[in-house]
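The numbers here are math on the coordinates, done by the rules we state, and not lab data. Not measured: the values here are computed from a predicted model. A quick note on method: Cβ atoms are made from the backbone with ideal geometry, for glycine too, and the neighbour counts reach across all protein chains shown.
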Amino acid sequence: MNGGAARVGVIVLPGSNCDTDAGNAAREVMGAEPVYLWHESRDLQGVDAVIVPGGFSYGDALRAGAIARFAPLMDSVARFAEQGGLVLGICNGFQILCEAGLLPGALARNEGLRFVCRHVYLRVENAETPFTAHYRPGEVLKVPIAHGEGRFTCDEATCERLQAENRIVFRYCEPDGRVTQDANPNGSVHNIAGIVGGPRNNVLGMMPHPERASSCGLGSEDGRRLFTSLQAGLVGRADVRA
Amino acid sequence: MPKITVYVTLKPTLLDAQGRTVEGAVHHLGYEDVTNVRIGKIIEMEMPGGAEEARERARVLCDKLLANPVTESYRIEVQP
């Protein structure tokens, strides 16, 4: 950042439907300028961070996120992530980041088959990422989910690595923070709701929607600090620009 | 021109939520001895060239796009 407002890129794919919500959160919570980036371009326009928003890109053809990762812009996002640039994938954005290999694992069909759209509780498992620095470890957040394919799945070795490297950022939990099977809305392995990856834990993928919990009119403001953390994370990273 | 059929299925270790639901309906129909219902996808394609070349190209397509190696397996059939 050169003293002015941060510029946060929001990827726009055919079928994105949370792009404006993500842009609004960037503007209202971070005081940033949202820059909407059309998928056919390769130009990230020098943004300071990238959000891959929720939606149903390409109508979820084949698998959720499977086609989006071939968008020309995603090559640029991958390079940005490899250089340590901050990338936040929400819902379909998480699915896309997994399909693109920027995060391990995959999001399978919900265990109960139903599309689940409601507020859930999340426990902050790692409060030392660029996305969670303003949360307390173990803090419980109320954030909505809205997905049909959100069951995080990976092989046992990957799961062990994620735990050993403290890369599980959010788990579905009870309101009091207990991680139980009942609190798991989709059957995700170990109740995983969000993980980080990239060379500096600079890529976060999560199924819940923090941008839908970022102003008092939305029933919860627990998602706000994810964006203020992101804002704070940008200050130390002026070296990484798209 | 070879016709290629790709069968994509969830890995056996992975819970197939759709298959489980359909299996419940099958049992409701009275076929309670039917088990291991699994649901997958069939993808058909045509491409020029010989059968072996077509199979190899289909394999590349499966690895890169048609199947997710984390959750799915695939099988390829080629009709010359």
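Each Lys or Arg adds one and each Asp or Glu takes one away; over the other residues whose Cβ falls under 13 Å from the Cβ of B:H27, this sums to -2. How many percent of DSSP beta bridges within the protein assembly as shown run antiparallel, rounded to 5? The answer is about 70 percent antiparallel. Backbone amide hydrogens, once placed in the peptide plane, bring B:E72 within less than 5 Å of B:K11, excluding anything fewer than 5 places away on its chain. With θ taken as phi - 60° and the Karplus curve 6.51 cos²θ - 1.76 cosθ + 1.60 applied, the whole-hertz 3J(HN,Hα) list for segment A:178-183 is 6, 8, 10, 5, 5, 7 Hz, x standing for glycine and proline. Using a Gaussian network model of chain A in which every pair of alpha carbons under 10 angstrom is joined by a spring, one finds that among A:R109, A:R123, A:R79 the greatest mean-square fluctuation is at A:R79. GNM on chain A, alpha-carbon springs under 10 angstrom: the most fluctuating residue among A:L204, A:L88, A:L73 is A:L73. Here's the list of lysines a cross-link from B:K3 could span, going by alpha-carbon distance under 24 Å and ignoring same-chain residues fewer than 8 apart: B:K41, B:K64.
The mean number of partner chain beta-carbon atoms within 10 angstrom of a residue's beta-carbon across peptide A:105-118 is 3. Remark: the B:Q79-B:E52 segment gains 8.7 nm on full extension, using 0.36 nm per residue and subtracting the alpha carbon distance.
The slack between A:F70 and A:Q45, meaning 0.36 nm per residue of separation minus the straight C-alpha distance, is 7.1 nm.
If R₀ is 35 angstrom, what is the calculated FRET efficiency for the pair A:V179 and B:M1, using the beta carbon separation as r and rounding to 0.05? Once the sixth-power term is evaluated, E becomes 0.05.
Mean shadow of the protein assembly as shown, computed from the convex hull of its alpha carbons, in nm²? Each step should come with its number before you reach the end.
Details: hull surface 73.8 nm².
Orientation-averaged projected area of the Cα hull: 18.5 nm².
Placing pseudo-labels 7 Å out from each Cα toward the beta carbon at A:R114 and A:E221 gives an inter-label distance of 3.2 nm. Each Lys or Arg adds one and each Asp or Glu takes one away; over the other residues whose Cβ falls under 11 Å from the Cβ of B:K11, this sums to -2. For segment A:7-235, what relative contact order do you get, as a whole percent, if you take Cα pairs closer than 8 Å and at least 6 residues apart? RCO, segment A:7-235: 21 percent.
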